[in-house]
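J.: Below is the structure I would like to discuss, written out as structure tokens.
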Amino acid sequence: MDRHPHDLLADAVGGTLDAADRAALDAHLSGCAECEGELAAARAGWSAVEALRTSEVGVPFGVTADAVREARNALRARASRPARWAAGLAAAALVAAVGIAVFPRGGEDASGGGAMRATEAATAAGEMKGSDGAADAAMPDATDESLQNLADVAAQAPLPPLAERIDYSGAQLDCLVAELDPGFLEDQVPIQILNARYEGTDALVGTFILEEGDQRLATVRVVDASTCLGMATFLGLAK
Amino acid sequence: MERPTDAELVRRYLDGDGDAFAELVRRHETRVYRIALRMTGRPEDARDATQEAFLSALRKLKSFRGEAAFSTWLHRVTVNACYDLLRKRQRQPIASEGGLEALELVAAPDADPADEVGAALEVRRALAAVPEEHRAVIVLHDVEDLGFDEIAEILGIPVGTAKSRLHRGRVALARALGEPTGGPEASNP
């Protein structure tokens, strides 16, 4: 046995010593005051760590975004296809707001921007139509592109009747709004909140419409779901 | 549908499926971030280390042979990212005021700040005073509940060395907390 059997002392704290090792350690402890003291200290250290074991830790929003983005970019590069969305847009998404589209109320593209991809827009529109306004629609892995398409579709879609719009008292909507701007709802009509993943993190994706004169501004906002819940709890908004 | 294994997701990504890597991240990000937070002691450093761990894992993915579990391989990359970051900063990690409370209160809104979060903050500060190599074993064994065989593989050391470092780390932690070391009576199981 080593002069001081630190490995056995570790097992003793964990309660995993077998009978032979237990006997060997007891024999050593009977003549080693240093190890006696260290065993007590090690037990105290082990007990203290309990505070860390039971302390939940939330992953900050976007912490894995670079890796997920790089993974996708690497595949795109491998396929020799140019990236269609600037990295800056993805970075902006992490701050909170993604995808802004301005359309005249008639629905014709007045923004002068690029044409919407019909298939992807239809996919986004289908997801929106499928919602009853609750935050249960799935958009499993949102990309910057799909968020932009949500904004495009929202800007063209007719506003739902008041009765079908999202209940303002909904905890998830409160979270989304509280995280961004408490006064946000004064001007904008929430159309839909989606549970989603964005760049590897659980997120809430909200579509909002602002009508100004004959134009409609559609925004799609993304916030970290866990941060949002904490914020709403802090503000007393969460149920 | 059967849930794909980590190794299967690695293969799918290498075959061109971008969602497969996102799924790997989704599965492992919480533990990776937690290890980074306990190792570095500061949320801002944990962010950097987590980010670097996943980027590093992505770049090394082709070298993952499946001989070890993906999680073991990823945790090795994570611990190395933490070591690199700590070396780069050339300082002992210090639990920042505010960052920890905000994160942990958000994650556990019912927690009593005076008890659970306060205790966690105190222990995290003390853990920052434990030498890195010993701290790593405390984090992996006592916090993350990994077995000695896996820890030995993650750190590239013999099991006996892992146990020895754990013991020294626990003692250092207790002393950093000012815990009484106790006499012979206290040491009996």
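Read-outs throughout are calculated quantities, based only on the coordinates presented, and are distinct from any laboratory measurement. Not measured: the values here are computed from a predicted model. Cβ atoms come from the backbone with ideal geometry, glycine included; neighbour counts cover every protein chain shown.
J.: Output the residues belonging to region A:62-75 that are touching a Gly at 6+ places or on another chain (Cβ under 7 Å) and either within 15 Å of B:E44 (Cβ to Cβ) or assigned to a loop (DSSP other than H, G, I, E, B) (or both).
T.: Listed by number, the list holds a single entry, A:T64.
J.: Condition check: more than 20 Å from B:D145 (Cα to Cα) and assigned to a helix (DSSP H, G or I). Does A:D11 satisfy that?
T.: No, not satisfied.
J.: How many of the residues making up region A:26-61 are touching a Ser or Thr at 6+ places or on another chain (Cβ under 6 Å) and in a loop (DSSP other than H, G, I, E, B)?
T.: Residues meeting the conditions: 3.
J.: Counting just the residues of region B:17-53 that are touching a Gly at 6+ places or on another chain (Cβ under 8 Å) and touching a residue at least 12 places away in the same chain (Cβ under 8 Å), which one comes out surrounded by the fewest Cβ atoms within 10 Å (Cβ to Cβ)?
T.: Only one residue fits best here, namely B:E44.
J.: One residue is enough: does region A:26-38 have a residue meeting the conditions without any contact (Cβ under 8 Å) to a residue 60 or more places away in the chain, more than 22 Å from B:G160 (Cα to Cα), facing chain B (nearest Cβ under 7 Å) and not charged (D, E, K, R)?
T.: Within region A:26-38, not a single residue is without any contact (Cβ under 8 Å) to a residue 60 or more places away in the chain, more than 22 Å from B:G160 (Cα to Cα), facing chain B (nearest Cβ under 7 Å) and not charged (D, E, K, R).
J.: Same structure again: Give the residues of region B:13-27 that are within 9 Å of another protein chain (Cβ to nearest Cβ) and part of a loop (DSSP other than H, G, I, E, B), sorted by residue number.
T.: If the condition is that a residue be within 9 Å of another protein chain (Cβ to nearest Cβ) and part of a loop (DSSP other than H, G, I, E, B), then B:G16, B:D17 are the ones that fit.
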